[in-house]
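Asks: I have a structure I would like to understand better, so I am pasting it below and will then ask my questions one at a time.
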Amino acid sequence: TLTLEESTWFSGAEVNCSTSRDQIPTSDQISVKRGGQRPSIIIYKPDKSVSDSDSVSLVCEVSSSDLANVYVMWQVNGGQYKEGNSMTTIVKKDNTLMVLSYLTVTGQQYNSAEIACAVKDANIQNDFQPRTSSPSKTSSPPTIRLVEFGQSIMCIIENFYPKSLRIKWKKEGREVRGQDWKTTENDSGSYRAVSVLEANLTSLSPGAKYSCEVTHGGKMYSDNLLYRAKFSLKINPPQAKDLFINKKAVIDCVITGDNQKEVEGATVLWTVGGQSPATRDVRVGAVNQTESSFTKTSTLTLEESTWFSGAEVICSTSRDKIPTSDKISVKRGGQRPSIIIYKPDKTVSDSDLVSMVCEVSSSDLANVYITWQVNDGQNTEGNSTTTIKKDNTLIVLSYFTVTGQQYNSAKITCAVKDANMENDFQPRLISTSKKERPVPDPGLYIQCNNDISEEDEFNSLWSTASSFIFLFLFSLVYSTVLSLSKMK
């Protein structure tokens with residue numbers, strides 16, 4: 001007898017047993033067959049009442065399209081595992097493999113005991129924990145819970161037996177109409193049902209009490225829900241123009257809700273680095289209505305040095321003594337990033353619109369704030385901003401549109417502030433204009449500002465050399481002509 005850990009057996013290792021007789025070896029081998037996902041388990045039980053004196057047969061069905069070796073055991077009231085009376089394997093027409101285990105118990109055990117089918121199988125997840133399924137034997141009362149689902153309320157009814165029941169909805173004690181979904185059977189033999197109170201059938205009112213009443217087996221069960229209006233809080237980061245123009249970080253905390261009174265009554269609290277800010281730095285706006293929602297904004301103003309220090313800013317409030325909050329802080333980077341402006345490579349007429357791009361990039365880029373200036377005027381944020389990651393370099397692109405007249409005549413500047421390790425909050429500026437010309441490479445151009453005397457000296461030398469060459473060629477031609485005349 002060989003004893004292995006179950007993990008070794010389920011790993012699929014091949015096990016060989018061998019011996020020899022008259023020096024002739026003989027052997028046998030075995031290994032587990034591994035399957036796919038864990039199979040489904042269903043217990044089949046009688047569909048009629050059982051008396052204590054009867055014998056009852058239960059069937060545990062284990063099935064999968066890629067079934068592994070399966071080991072099935074039974075338990076009664078959580079007691080010792082035992083094998084069923086028999087086991088059968090069936091291949092269905094759809095190539096689903098089924099293993100059926102049969103267990104016979106007394107009617108008394110069936111009516112009073114907890115009977116479980118436990119399954120272990122060799123699956124691809126290497127999950128060796130037994131899966132169990134238990135049949136629902138006698139009448140079982142439902143469990144009910146109400147949940148909000150969008151603009152509707154769902155009544156979820158679970159673990160009841162037998163199947164028959166009746167569902168009723170009430171709003172503030174008055175019956176309203178709901179929509180019942182199909183009742184489904186669980187693997188354990190119990191049932192599950194869902195009913196929905198749709199928003200288009202009855203208007204959901206904040207503060208109203210809704211009830212789901214279920215009648216099952218002659219008894220009534222219910223659950224209640226006090227419908228609450230939507231309520232949320234969100235903190236928004238500072239805008240670039242405030243950091244450039246006023247050297248301040250202006251942070252908004254926005255409360256949004258369906259109930260105007262709740263939004264009006266909500267008190268907003270701020271902390272900066274764990275400390276409460278000065279009252280003069282906080283401003284609370286009026287409640288505004290947007291379609292069916294209401295909003296209220298609390299605004300905190302910080303010095304830019306406080307914001308760029310990385311201090312955590314928290315905005316919080318409470319609703320029915322339940323706190324809710326949001327937080328924000330600057331992301332600090334390394335060295336100051338590089339900045340490049342891209343502009344059109346063709347002529348632009350005054351009537352055109354011109355888009356320019358300011359690229360801010362670094363391998364360790366912090367939070368970046370970008371504005372534009374025309375002729376050193378007021379700082380203006382670009383039309384849009386995009387962030388791109390390329391080869392471990394983070395790039396922020398700011399797009400800015402100007403008229404052709406501005407492009408042709410004005411100086412256009414991209415200004416950048418970033419949270420860097422040097423704590424340098426001064427904006428870095430890079431400017432461009434239509435009048436700019438590229439700086440020529442000295443190696444590709446002739447320098448035209450040499451001394452005039454050098455040029456004259458060169459011309460004089462060339463004149464002398466050309467005279468000597470002319471006289472040499474003339475004398476050569478004359479000698480040749482003279483020689484030919486004498487030969488004649």
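The values are calculated or read from the model by the stated rules, or taken from the named source; none is laboratory data. Computed from a predicted structure; not experimentally measured. No Cβ is skipped: glycine too gets one built from the backbone with ideal geometry, and neighbour counts run over all protein chains shown. Heavy atoms of the whole protein, side chains included, go into the accessibility calculation; ligands, DNA and RNA do not. Shrake-Rupley method; radii C 1.70, N 1.55, O 1.52, S 1.80 Å.
Asks: Please sort by residue number the chymotrypsin sites (Phe, Trp or Tyr not before Pro) in region 30-112 whose DSSP state is loop and whose Cβ has at most 16 other Cβ atoms within 10 Å.
Replies: The qualifying sites are Y81.
Asks: Would you mind getting me the FRET efficiency between S57 and T183? Use the beta-carbon distance for r and R0 = 22 Å, nearest 0.05.
Replies: 0.25
Asks: Given a 1.4 angstrom probe, I'd like the percentage of the accessible area of region 169-317 that is carbon and sulfur, rounded to a whole number.
Replies: 44
Asks: Counting only pairs 8 or more residues apart or on different chains, how many lysine pairs in region 55-137 have their Cα atoms under 26 Å apart?
Replies: For region 55-137, qualifying lysine pairs total 5.
Asks: So, one more: Of the GluC sites (Glu not before Pro) in region 299-380, which ones lie in a loop per DSSP and count no more than 13 other C-beta atoms within 10 Å?
Replies: In loop regions of region 299-380 (DSSP not H, G, I, E or B), the sparsely surrounded GluC sites (Glu not before Pro) are E312.
Asks: For region 262-380, just the Cα atoms, rotate onto the principal axes and tell me the three extents in Å, largest first.
Replies: 64, 40, 25
Asks: Magnitude of the Cβ-charge dipole of region 242-355, K/R +1 and D/E -1, about the Cα centre, nearest 20 debye?
Replies: Once rounded to the nearest 20, the dipole reads 420 debye.
Asks: Based on the mean of other beta carbon atoms within 10 Å per residue, what is the order of 341-350, 262-271, most packed first?
Replies: Packing proxy ranking, top to bottom: 262-271, 341-350.
Asks: Find, among the trypsin sites (Lys or Arg not before Pro) in region 60-109, those assigned to loop by DSSP (not H, G, I, E, B) with at most 12 other beta-carbon atoms within 10 angstrom. Kindly include the intermediate steps, with their values, before the conclusion.
Replies: Values: sites: K82, K92, K93; in loops: K92, K93.
For trypsin sites (Lys or Arg not before Pro) across region 60-109 that sit outside H, G, I, E and B with at most 12 neighbouring Cβ atoms in 10 Å, the list reads K92, K93.
Asks: Still on this structure, please answer the following. Mind checking which lysines have their Cα closer than 25 Å to the Cα of K331? Skip sequence neighbours fewer than 8 apart in that chain.
Replies: Filter leaves K234, K241, K247, K248, K389, K390, K417.
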